[in-house]
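Colleague: Before we start, here is the structure in question, set down as structure tokens.
Just so you know, all these numbers are worked out from the coordinates, no wet-lab data involved. What you see is a predicted model; the values in this text were computed from it and never measured. Cβ atoms come from the backbone with ideal geometry, glycine included; neighbour counts cover every protein chain shown.
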Amino acid sequence: MPVDVSKVSDFDLIQMCINEDMNYFSELMRRYKNLVFSVILRMVNDKEEANDLAQEVFIKVYKNLHKYYPEFKFSTWIIRITTNHVIDFRRKKKQESVPIEDVEYELSSEESPEAQYIRKERDHSINSLLEALPDMYKIPIVLYHKEGLSYQEISDIIKEPLSKVKNRIFRARKMLKESIINTGVGEYYGV
Amino acid sequence: MECEKASALMMQYMDKTLSEADAAKLNSHIKGCPVCKEEFMVYDKILREFETMEVISAPDDFCDTVMEKIRALDFKRPASTVKDSMLCVIWGVFSVLLGLGLLASMYKDTVIEYLASTGRFDLFLKTLAPVTEYVNLFTEGLTNTFTSLSSGLSALVSPVRLTLLVIFAVLAGIQYVIYKKNKAEI
């Protein structure tokens, strides 16, 4: 009788994937691809790069499925792998980056009113303010406010004590608030 | 209410854990404090921005692409992880016990002297004395048997045996670290 995989728990699905058929992995991917993709995209802000990284993350997860122990939720485990992978990628990219004197500058043509409007909208959005935050603040605040994870889950992901996680989220909120007030974006928000 | 307290309540508001009573207190404070009012309105806006933030979805062909890549890998999963975990525990316990045992036997006089000097372990030492005697007799018996078996090599036996044990304890410790690292590394 065919198994209705949508009702199988994550852990059972992992066991089935390891012991029976690797194709069960696509159901796991279906459950978490959007979460992984969205976390990566908020960290790198480039869809193509995010797609490549998300694929690499799932391949890594597949190779290490046997190392998963249900002491944490599968989502916690997979987000930990995701954030570590993106941080490693950034580190490597930084090392390989082109020296500043070798960069060819492209002089931009005059902006059309439409482009100006789009840029203004983008500059005012919370996304652009988030982008400016360092990873240590950006990752916890996005996981908490956008992905709906609890303080405890974030603490398990970044392997830091609960108090530190709370502190970083509080600091991140304050940093966002300061940048809104100081850059005059407050007017845009009607404050 | 002070602004500092209002700020703490705003954090509770952001966490969605603010009680009705505290919400009323915060409300009455921000009515009379323009600085906190501005702060609250910005926080509230940030919260709403997060809630209305675009839901990001992975591309439609994402799963198929990854599955294709995985099939092309021809990846062989390592045999049993249960065995690895058990070996990890065994090597860990073994290295600790052996290491502590070696240290205790090497410095037993110092340890006993220290325990005796504190005066708080008199009863413990008295209880231990017959056991120590028994152990000494037993060890002596073993050593005698061993010495008689390896008559000519008896002079070399003790230091060689100790060195081997130390090496073995260190190796067991290294083995434990290797298993632990393999388990945790992703």
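Colleague: Under a Cβ-only charge scheme (Lys and Arg +1, Asp and Glu -1), can you give me the dipole magnitude of the stretch B:3-52 about the Cα centre, in debye to the nearest 20?
Modeller: Details: 7 positive and 9 negative charges, 32 e Å.
That gives the stretch B:3-52 a dipole magnitude of about 160 debye.
Colleague: Classify the stretch B:3-52 as rounded, prolate or oblate, taking a ≥ b ≥ c as the square roots of the eigenvalues of its Cα gyration tensor: rounded when a/c is under 1.5, otherwise prolate if a/b is larger than b/c and oblate if not. Numbers along the way, then the final one.
Modeller: Details: a/c = 2.07, a/b = 1.28, b/c = 1.62.
Note, shape of the stretch B:3-52 comes out oblate.
Colleague: For the stretch A:126-185, what are Rg and Dmax over the alpha carbons, in angstrom?
Modeller: Gyration radius and largest Cα-Cα distance of the stretch A:126-185: 11.6, 37 Å.
Colleague: Can you give me the Rg/Rh ratio for the stretch B:23-66, using Cα atoms for both radii and the Kirkwood formula for Rh? Show your work: numbers first, answer last.
Modeller: Details: Rg = 19.4 Å, Rh = 13.5 Å.
Value, to two decimals: 1.44.
Colleague: Using 7 Å Cα-to-Cβ label points, what is the B:Val55/A:Lys159 separation (nm, one decimal)?
Modeller: 3.4 nm
Colleague: Same structure, new question: Report the label-to-label distance for A:Glu178 and A:Phe11 in nanometres (one decimal), using points 7 Å from each Cα along the Cα→Cβ vector.
Modeller: Output for this residue pair reads 4.3 nm.
Colleague: Something else about it: Once label points are set 7 Å from the Cα along Cα→Cβ at both B:Tyr114 and B:Asp15, what is their separation, rounded to one decimal in nm?
Modeller: Between B:Tyr114 and B:Asp15, the simple spin-label model gives 4.4 nm.
Colleague: Here is a follow-up. Where does each of B:34-41, A:80-87 land if you order them by average Cβ count within 10 Å, highest first? Mind showing how you got there, number by number?
Modeller: Values: B:34-41: 16.2, A:80-87: 19.8.
Most protected by this proxy first, the peptides run A:80-87, B:34-41.
Colleague: When every alpha-carbon pair in the stretch A:7-97 is counted, what percent end up more than 17 Å apart?
Modeller: Working: 1969 of 4095 pairs.
In whole percent, the long-distance tail amounts to 48.
Colleague: What average count of beta carbons from other chains do you get within 10 Å of the Cβ of residues in B:47-53? Walk me through the numbers before you get to the answer.
Modeller: Numbers: counts 3, 2, 11, 9, 2, 1, 9.
Average per residue, whole number: 5.
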